[in-house]
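Enquirer: Quick one: the structure is below, and I'll ask about it shortly.
The values are calculated or read from the model by the stated rules, or taken from the named source; none is laboratory data. Here the structure is a predicted model, which means the values were calculated and not measured. Here the Cβ positions follow ideal geometry from the backbone for every residue, glycine too, while neighbour counts run over all protein chains shown. Accessible surface areas use protein heavy atoms only, side chains included; no ligands, DNA or RNA. Shrake-Rupley method; radii C 1.70, N 1.55, O 1.52, S 1.80 Å.
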Amino acid sequence: MRIAGLLLLFIFTTACGGSSFDGQVYRNGDVQFRVGPVPPSWHPIEATGALLAFRDDEDAATVAVTGRCGLDGDDVPLEALTHHLFLQFTGRELVSQNRIDLDGRAALRTEMLAELDGVKKHYLVYVLKKDGCVYDFLYVSPGTDGQNEFERFVRGFGTLS
């Protein structure tokens, strides 16, 4: 069923001349990248502003990938870009934050507990700047279940030319 859904999404977006995602590679004009394996429990959803978005009903989690090129971020530190993602949140508790290597560049991995509209959630976020683009990877869940699958998904990221 997951494969069929991804194929339908791919055919629909390709036929309409927009973005496409074949289950591993995303393409939309100059923005092209691959990601790690999409677990069978994730199904594609629409999310405003996201290039890719999935819902994992088993772990009550939402995954989103955003990307923007040539708009901002070239001279903005990764910490500031990450902070910007949480401006509307309250009760923020930083669990961990560290730099990692992702696709040959420094990225910032942040794990946080925060509230939005009074609902506390667990957030795992990666922010990467590469080739004039800023990429955000977000995992939102009530806890840490399913987090390892998200980590594999992000670690498989690579830009394509």
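Enquirer: I need a count of the residues in the stretch 49-65 that are modelled with pLDDT under 95 and under 15 Å from the mean Cα position of the chain (by Cα).
Expert: Residues flagged as modelled with pLDDT under 95 and under 15 Å from the mean Cα position of the chain (by Cα) within the stretch 49-65 amount to 1.
Enquirer: Now for a separate question. Condition (residue is open to solvent by 30 Å² or more (accessible area, probe 1.4 Å) and closer than 17 Å to GLN147 by Cα) applied to the stretch 39-54: is it met by at least one residue?
Expert: Checked against the condition, which is being open to solvent by 30 Å² or more (accessible area, probe 1.4 Å) and closer than 17 Å to GLN147 by Cα, the stretch 39-54 yields at least one hit.
Enquirer: For the stretch 137-154: of the residues being within 16 Å of ASP101 (Cβ to Cβ) and within 11 Å of the chain's Cα centre (by Cα), which is most open to solvent (accessible area, probe 1.4 Å)? Steps first, answer last, please.
Expert: From the stretch 137-154, those within 16 Å of ASP101 (Cβ to Cβ) are 137, 151-152, 154; that's our starting set.
Still in the running and within 11 Å of the chain's Cα centre (by Cα): 137, 151, 154.
On the way: PHE137: 0, GLU151: 30, VAL154: 0 Å².
That would be GLU151.
Enquirer: Considering each of VAL63, VAL25 in turn, give the residue that is more than 18 Å from TYR123 (Cβ to Cβ) and touching a residue at least 60 places away in the same chain (Cβ under 8 Å).
Expert: After ruling out the rest, the residue left standing is VAL25.
Enquirer: While we're on this one: Does the stretch 68-78 include one or more residues that are modelled with pLDDT under 95 and basic (Lys, Arg)?
Expert: yes
Enquirer: If you check VAL127, VAL134, VAL95, which single one turns out to be β-branched (Val, Ile, Thr) and over 28 Å from ASN28 (Cα atoms)?
Expert: Checking each option against the conditions leaves just VAL95.
Enquirer: I want to confirm something. Restricting to the stretch 105-161 and keeping residues that are without any contact (Cβ under 8 Å) to a residue 60 or more places away in the chain and aromatic (Phe, Trp, Tyr), which single residue is farthest from THR82 (Cα to Cα)?
Expert: It comes out as TYR123.
Enquirer: Can you name every residue in the stretch 18-32 that is among the hydroxyl-bearing types (Ser, Thr, Tyr) and within 14 Å of the chain's Cα centre (by Cα)?
Expert: Taking the stretch 18-32 as the starting set, the residues that turn out to be among the hydroxyl-bearing types (Ser, Thr, Tyr) are 19-20, 26.
Correct list: TYR26 only.
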